[in-house]
Amino acid sequence: MGAAVYSLRMEQAAVTDLRTARARACLHCGSRMSGPAGGDFCCAGCSAVHALLKARGLESFYSLRGSTGRGRLGLPAALPSERFSYLDDPEFLRDYADPDGRGMRLYLEGTHCAACVWLTEKLPEFVPGVERLRLDLSTGVARLRLGPAGKFSEAAEELQRLGYRPHPVRVDESEALRVREERAHLIRLGVSAMASGNIMLLAIALYAGVDGGLQRYFRWLSLALYLPVLLYSAQPFFRTAWAALRRRQASIDVPIVLGILIGTVASLVNLVLGSSHIYFDSLSAIVFLLLATRYLLRRVNQSAFRAARLMHFMAPSRARVSRGGQWVDCPTDAVQVGDLIQVLPGECFPVDGVVAAGATSLNRALLTGESLPVAVCRGAIVEAGTWNLSSPVEVEVRSRGASTRLGGILAAMEKGLTERAPIVAYADRVGRAFVVAVSVLSVVGFFVGLQYGWNEAVNRALAVAIIVCPCTFALATPLAMSLAIGKAARNGVLVKGAEVIERLGRARTVFLDKTGTLTEGELEVTNYETERPEDLEALVALESLSVHPVALAIRRRFERSQAPGARPRVAEFAEIPGWGIRGRVGGAFYEVRAIGGEGGETRVGVFRDGCLVGRVALSDRMRPDAREALDGLRALGLDAWILSGDSLGPVDRVARHLGLAPERARARTSPEGKSELVKSVPESLMVGDGANDAVALASASVGIAVRGGMEVSLRAAGAYSSRPGLMPVLGLVRLSRETLRVIRRNLVFAVLYNVVGVTWALSGGLSPLAAAILMPASALTVFLSTMAGTRALRRAFP
């Protein structure tokens, strides 16, 4: 007993020495270094990058990084060396480079602040042949442009040395079409901006009373400037409206086109008749403001969707393939089924395949949720996204890219992102109803104003057609959903679609699994006592031959206190499921078996030759954020329950720790029992293990998997958290409720704006020019309301 107590005190002293040692921060990445002073860097990689920045004259990177408030880099600088010669391969360039072969998009790991933008965009200054690099910090994607003699491999190698591992991003046909469409939209926007600005200057002169000769000239010049706006910039509105009318459907562009046509015809008639009532200034302004507003909304939507899609590169973009008896680097897209590839220790498998040579162990946590290494040998199946931990292996390729298991998971997730939530569909229906209403009201406005003259009738009809803004219904709601999904993705929570956000925002009851959700999911030794040091050594020797969770906990606790090679030999070892283990150590026969427990603890007895000589108490440790997160969920009005298959003691202990009443904690609940209870409660939220609680997750109104493999989790649950603990769940619920609140606020504003605006236009108090300014201003107001509402939750994900 004395030796065991001595060992425990020595271990506690070592921990105390470690905590009281001087803590320092790495000069490059900012990571804390505990221990005796003696170095300024946490690793050789950080030291090398610091020396490189100093040699390049880029020391101001550190002062700029500090001014942003982000003290640490997103990735350690010690990145494994990679060869990038494949970036210059002609076959690769056909798929990844721009049409002229001199531009490429690269995803840079570890970019996180303005200092990263400043440093990466300095690349042309010290890499010959690089013309420019522009980094989009919101997505981490950089656009690299080379000169005639530049090489992509040299630029990538330099980025790697700076600590930003580059991944080429394939520009598929849809992406190329999107870029061309965006470029055409910007040209239309520029044409309308130029024309409307000049027409406004002419209109000011006309309103100021310019002389008669110039007056007629300025009106015809306004028409000349307006024609490019009508015939080119406004064409998207005409195409959409015509397509909707052919399908006999309502479109938000129908009233816009109606207003443009009414204003254009009236202006042409008045221009020929010599009347002063022309509307070229109002019409060009509305086209410009609408194009600008839609461009802004489109950019935000695309940024949010890319945040969900590019949050990780889960499989490498290159592979080491056997070509002519040599291993050659090439892009993963160039690998064919049947090829032989080599994967070294510390690398991620880029394809699905079968081990053809070698044996190793894998980390398959991404797909299965299991963090323990899995041994594989020749003939075993390996999958993209898993990591090689120990030895080189050769793999025969069976599938790649979207055909892999990981590719199928991501494809299913992206399909879910395109599905509309009920509240989005409702907003669309309201918007279509407004389109029909505005068409009718424009006619009403014309006949109401006709009693005051032809020009007044046109003014009122045009003002009604322009002032009504169904864009607030059709665009703001999906924008809010996209921003919410993107924000969740940036915080490690994968959401299948907008419907999940809506259901989470309406949830009123939360059911929580215990093991792995509220607790760490693994046992730890909380107390022990033995009569002699030899008994503790025998216990560790016996448990080293078992993989039971109790054995793993005992080994984690005591193995580090034993000297290497000091473990005694074990003979006659046997493990009896449901009972324990036994064996002969040093001439004595030992048995280790359960002896009951209380207060939620598991207790194990150590018997030497039939006599109890030691006890070990173990328990599943509570997650440190469990109480705080649960208090936050209850503060939001959610009624909390615990559902567990564990025995009554551990469940009661967790309930007491969390401040839950005993009747809110259900022990010994089967998966079927969990499912029935969750299904019986409306607007329920289930939080649990993606594998063990799959039935309950699927039965709830919405489920969040916080443990287990991504594949099975996303099949059963609406969201998957890659971060441990309950704080991401609290953040997602907060985000969902705020998103619904913003959408409701936008809808109320849209209704009030349209009612007031139409009433004002019908009464004749609103001119077409004022309506042209107010309509896009209302859409911009809703956009700013959405942005302000979602940004208010920056601290939702701590």
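How many of the residues in region 585-636 are in contact with a Pro (Cβ under 6 Å, 6 or more places away or on another chain) and modelled with pLDDT of 90 or more? Steps first, please.
Of the residues in region 585-636, the ones in contact with a Pro (Cβ under 6 Å, 6 or more places away or on another chain) are 585-586, 600.
With modelled with pLDDT of 90 or more added as a condition, the list becomes 585.
Result for region 585-636: 1.
With respect to Leu752, is the statement that it is open to solvent by 50 Å² or more (accessible area, probe 1.4 Å), out of contact with any strand residue (DSSP E or B) (no Cβ under 8 Å at 6 or more places or on another chain), assigned by TED's automatic domain parsing to the domain that holds Leu258 and in a helix (DSSP H, G or I) true? Show your work before the answer.
On the way: open to solvent by 50 Å² or more (accessible area, probe 1.4 Å): yes; out of contact with any strand residue (DSSP E or B) (no Cβ under 8 Å at 6 or more places or on another chain): yes; assigned by TED's automatic domain parsing to the domain that holds Leu258: yes; in a helix (DSSP H, G or I): yes.
Here the answer is yes, as Leu752 does meet what is asked.
Give me the residue from region 755-774 that is open to solvent by less than 50 Å² (accessible area, probe 1.4 Å), of a type in the set (Gly, Ala, Ser) and not in a helix (DSSP H, G or I) and, out of that set, farthest from Asn459 (Cα to Cα). Steps first, please.
Pass one, region 755-774, residues open to solvent by less than 50 Å² (accessible area, probe 1.4 Å): 757-758, 761-762, 764-766, 768-772.
Okay, now just the ones that are also of a type in the set (Gly, Ala, Ser), so 757, 761, 764-765, 770-772.
Going one step further and asking which of them are not in a helix (DSSP H, G or I), we end up with 764-765.
Values: Gly764: 8, Gly765: 10 Å.
Selected residue: Gly765.
Residues checked against (1) touching a strand residue (DSSP E or B) at 6+ places or on another chain (Cβ under 7 Å); (2) not aliphatic (A, V, I, L, M):
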| position | (1), (2) |
| --- | --- |
| Ala507 | yes, no |
| Val510 | yes, no |
| Thr517 | yes, yes |
| Glu520 | yes, yes |
| Glu524 | yes, yes |
| Glu529 | yes, yes |
| Glu534 | no, yes |
| Glu537 | no, yes |
| Leu545 | yes, no |
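Under the condition of being touching a residue at least 24 places away in the same chain (Cβ under 8 Å) and out of contact with any helix residue (DSSP H, G or I) (no Cβ under 6 Å at 6 or more places or on another chain), which residue from region 743-757 is farthest from Met481 (Cα to Cα)?
Initially, region 743-757 is screened for residues touching a residue at least 24 places away in the same chain (Cβ under 8 Å), giving 743, 745-747, 749-750, 753-754, 757.
Then keep just the ones that are out of contact with any helix residue (DSSP H, G or I) (no Cβ under 6 Å at 6 or more places or on another chain); that gives 745, 747, 749, 754.
Working: Arg745: 14, Leu747: 14, Phe749: 18, Asn754: 23 Å.
Per the stated criteria, the residue is Asn754.
Restricting to region 380-409, name every residue that is open to solvent by 40 Å² or more (accessible area, probe 1.4 Å) and either closer than 21 Å to Asp95 by Cα or touching a helix residue (DSSP H, G or I) at 6+ places or on another chain (Cβ under 8 Å) (or both).
Listed by number, the residues that qualify are Arg400, Ala402, Ser403, Arg405.
Going by what's in this entry, would Pro662 be described as open to solvent by 10 Å² or more (accessible area, probe 1.4 Å), under 35 Å from the mean Cα position of the chain (by Cα) and over 30 Å from Arg532 (Cβ atoms)? Talk me through it step by step, then tell me what you get.
On the way: open to solvent by 10 Å² or more (accessible area, probe 1.4 Å): yes; under 35 Å from the mean Cα position of the chain (by Cα): no; over 30 Å from Arg532 (Cβ atoms): yes.
Here the answer is no, as Pro662 does not meet what is asked.
Looking at Arg668, is it closer than 19 Å to Asp620 by Cβ and modelled with pLDDT under 85? Spell out how you get there, then give the answer.
Numbers: closer than 19 Å to Asp620 by Cβ: yes; modelled with pLDDT under 85: yes.
Yes, satisfied.
Checking the structure you have, find out if any residue of region 168-186 is part of a strand (DSSP E or B) and at pLDDT 90 or above. Break it down into steps so the answer makes sense when it comes.
The initial filter retains those residues of region 168-186 that are part of a strand (DSSP E or B), namely 168.
Right, trim to at pLDDT 90 or above and you get none.
Within region 168-186, not a single residue is part of a strand (DSSP E or B) and at pLDDT 90 or above.
Being over 16 Å from Ile467 (Cα atoms) and of a type in the set (Phe, Trp, Tyr) is the filter here, so list the residues in region 254-292 that pass it.
Listed by number, the list holds a single entry, Phe280.
Quick check on my filter: what residues within region 604-657 are assigned to a strand (DSSP E or B), touching a Gly at 6+ places or on another chain (Cβ under 7 Å) and open to solvent by 50 Å² or more (accessible area, probe 1.4 Å)?
Residues satisfying the conditions are Leu612, Arg615.
Just one of (1) without any contact (Cβ under 8 Å) to a residue 24 or more places away in the chain; (2) surrounded by fewer than 19 Cβ atoms within 10 Å (Cβ to Cβ); (3) charged (D, E, K, R) trips up Glu591, so point out which.
(2)
Could you list, in sequence order, the residues of region 126-153 that are in contact (Cβ under 8 Å) with a residue 60 or more places away in the chain and open to solvent by 70 Å² or more (accessible area, probe 1.4 Å)?
Lys151
The values are calculated or read from the model by the stated rules, or taken from the named source; none is laboratory data. This is a predicted model, so every value here is computed, not measured. Positions of Cβ are backbone-derived with ideal geometry, glycine not excepted, and every protein chain shown enters the neighbour counts. Only protein heavy atoms, including side chains, enter the accessible area calculation; ligands, DNA and RNA are left aside. Shrake-Rupley method; radii C 1.70, N 1.55, O 1.52, S 1.80 Å.
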